[in-house]
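Asks: Got a structure for you, questions after.
The values are calculated or read from the model by the stated rules, or taken from the named source; none is laboratory data. Computed from a predicted model, the values in this text were never measured in an experiment. Here the Cβ is made from the backbone with ideal geometry for all residues, glycine too, and neighbour counts use every protein chain on show.
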Amino acid sequence: MDTSMTRSAGPAFDALEVRSDFPLLSETIHGKPLVYLDNAASTQKPRAVIDAVSNFYCHSYSNVHRGVHALSVRATEAYEGARDTMRDFLGAADRKEIVFVRGTTEGINLVAQGMTGSMGPGDEVLISGLEHHSNIVPWQMLCERTGAKLQVARIDDSGEVDLDEYRRLLSPRTRIVAMSHISNALGTVNPVKEMIALARAAGSLTLVDGAQAAAHMPIDVQDLDADFYTISSHKMFGPSGIGVLYGKQARLEALPPYQGGGDMILSVTFEKTTYNELPYRFEAGTPCIEAAVGMGVAARYLMDLGFDRIEPYESRLLQDATDVLRQVPDVQLIGTARNKASVISFTLGDIHSHDVGTIVDSEAVAIRVGHHCAQPVMDRFGVSSTCRASLAMYNTLDDVKRLAEALHKVREVFRL
Ligand SMILES: Cc1ncc(COP(=O)(O)O)c(C=O)c1O
């Protein structure tokens with residue numbers, strides 16, 4: 001299978017056809033055709049999503065839930081329809097388990113905040129050494145509020161979580177385990193199903209940060225048996241400003257409301273407020289309605305393409321891309337886990353990643369450089385930052401070859 005060819009993954013998956021759905025990918029930058037390899041930060045949007053948001057504004061926009069007029073009903077139907085689509089996308093048992101949030105960060109904060117009242121000294125939160133700051137800091141804050149202890153299962157030299165240490169750290173004190181499905185800094189795919197089963201056997205709750213998984217693999221929260229699973233729309237070809245927190249109904253019911261305000265109540269008097277049922281209890285205030293509608297369309301777009309076709313294409317592309325980048329002298333890969341998706345993190349000699357990113361950008365190749373909001377991962381590998389190429393289903397091997405050429409230019413500039 002040649003991932004640089006037009007029929008990129010054979011008859012099964014046509015990356016160039018998919019790419020033609022994404023208007024921004026035909027832009028030129030500095031007079032050259034754009035190569036977009038920053039998908040772990042944010043993905044581009046297909047015409048279907050752009051049109052859905054635009055149509056919503058043109059024909060259906062109004063506030064949701066509170067109105068009797070036709071537009072309000074239309075907007076509510078679109079918003080609630082998106083919730084149903086997201087239930088399908090995540091394999092949840094019930095639409096009540098789908099809470100619209102601003103994104104993964106808010107999903108994690110909602111759970112961490114909600115656990116405050118039920119935790120205290122002697123309790124522990126277990127995370128992995130692979131986490132994004134969004135899956136570290138809210139738990140640190142929870143520990144500060146409650147006197148609980150944050151435990152971290154370290155990663156090995158390949159960027160895999162040390163499962164022996166993970167097992168050792170699980171104990172009756174562990175109240176919640178929070179783990180990423182895929183690491184944004186290294187691309188490591190965690191064995192989350194196994195990690196969840198171990199946590200459950202130890203009596204702990206589990207939360208999966210699925211920010212990097214949603215665009216690359218099918219998610220089935222019931223099969224995983226996760227208590228909470230959270231994703232961001234902008235990383236799965238949908239609008240920014242919206243995401244989903246999935247929670248098992250009983251788990252969500254046990255959490256107090258996150259924010260107070262309109263829509264999350266059944267009745268309010270100055271003496272007493274009764275809270276609304278799930279999922280509205282967690283959706284105080286006017287949500288980003290149009291973004292929710294767009295997220296539903298993005299999820300439908302992905303389901304129509306089918307992860308059974310996307311996943312093998314991306315997996316082959318990642319392998320081929322890794323081989324291409326390895327051949328550039330002085331490229332040092334950071335993160336070589338056996339099971340990886342989408343992300344190639346690397347350094348180029350001792351050239352600062354910001355210099356690499358800037359020169360590569362002059363060739364119209366967009367990669368991300370820096371610590372990727374995962375400073376503990378950088379520390380683990382003894383670097384302050386890396387260059388990160390992150391792939392999506394619309395990328396081809398030609399994109400990666402353009403990156404390799406740009407890296408050769410960087411080497412020339414720095415006389416490596
Ligand atoms: C693994 C991971 N978790 C959490 C986040 C935070 O996502 P958001 O900024 O959409 O809330 C990101 C974003 O890069 C991520 O990659």
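Asks: Could you pull out the residue among G262, G285 that is in contact with a Gly (Cβ under 9 Å, 6 or more places away or on another chain), in a loop (DSSP other than H, G, I, E, B) and without any contact (Cβ under 8 Å) to a residue 60 or more places away in the chain?
Replies: On inspection, the qualifying residue turns out to be G285.
Residues are listed down the side, and each one gets a yes or a no for (1) closer than 15 Å to V101 by Cβ; (2) out of contact with any strand residue (DSSP E or B) (no Cβ under 6 Å at 6 or more places or on another chain):
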residue: D164; (1), (2): no, yes
residue: R167; (1), (2): no, yes
residue: N184; (1), (2): no, yes
residue: V189; (1), (2): no, no
residue: T206; (1), (2): no, no
residue: L224; (1), (2): no, yes
residue: Y229; (1), (2): yes, no
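Asks: Name every residue in the stretch 358-409 that is touching a helix residue (DSSP H, G or I) at 6+ places or on another chain (Cβ under 7 Å) and among the acidic types (D, E), in order of residue number.
Replies: E363
Asks: For the stretch 39-54, give me each residue that is in contact with a Phe, Trp or Tyr (Cβ under 9 Å, 6 or more places away or on another chain), buried (at least 21 other Cβ atoms within 10 Å of the Cβ) and part of a helix (DSSP H, G or I).
Replies: If the condition is that a residue be in contact with a Phe, Trp or Tyr (Cβ under 9 Å, 6 or more places away or on another chain), buried (at least 21 other Cβ atoms within 10 Å of the Cβ) and part of a helix (DSSP H, G or I), then V49 is the only one that fits.
Asks: Same structure again: Just checking, does the stretch 122-141 include any residue being more than 22 Å from T43 (Cα to Cα), touching a residue at least 12 places away in the same chain (Cβ under 8 Å), within 22 Å of the chain's Cα centre (by Cα) and surrounded by fewer than 19 Cβ atoms within 10 Å (Cβ to Cβ)?
Replies: yes
Asks: Give me the residue from the stretch 360-386 that is away from the ligand (no atom under 16 Å from the Cβ) and buried (at least 20 other Cβ atoms within 10 Å of the Cβ) and, out of that set, nearest to the chain's Cα centre (by Cα).
Replies: Checking each candidate, the answer is V365.
Asks: Got at least one residue in the stretch 266-275 being touching a residue at least 12 places away in the same chain (Cβ under 8 Å) and over 20 Å from the mean Cα position of the chain (by Cα)?
Replies: yes
Asks: Another question, if that's okay. Within the stretch 260-309, count every residue that is among the hydrophobic types (A, V, I, L, M, F, W, C), modelled with pLDDT under 95 and touching a helix residue (DSSP H, G or I) at 6+ places or on another chain (Cβ under 7 Å).
Replies: 1
Let's see how each residue does on (1) surrounded by fewer than 22 Cβ atoms within 10 Å (Cβ to Cβ); (2) among the polar types (S, T, N, Q):
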site	(1), (2)
N184	no, yes
V192	no, no
A214	no, no
D227	no, no
S232	no, yes
S240	yes, yes
K248	yes, no
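Asks: Now a separate question. Please go through the stretch 29-38 and give me each residue that is within 27 Å of the chain's Cα centre (by Cα) and either in a loop (DSSP other than H, G, I, E, B) or closer than 24 Å to L302 by Cβ (or both), ordered by number.
Replies: L34, V35, Y36, L37, D38
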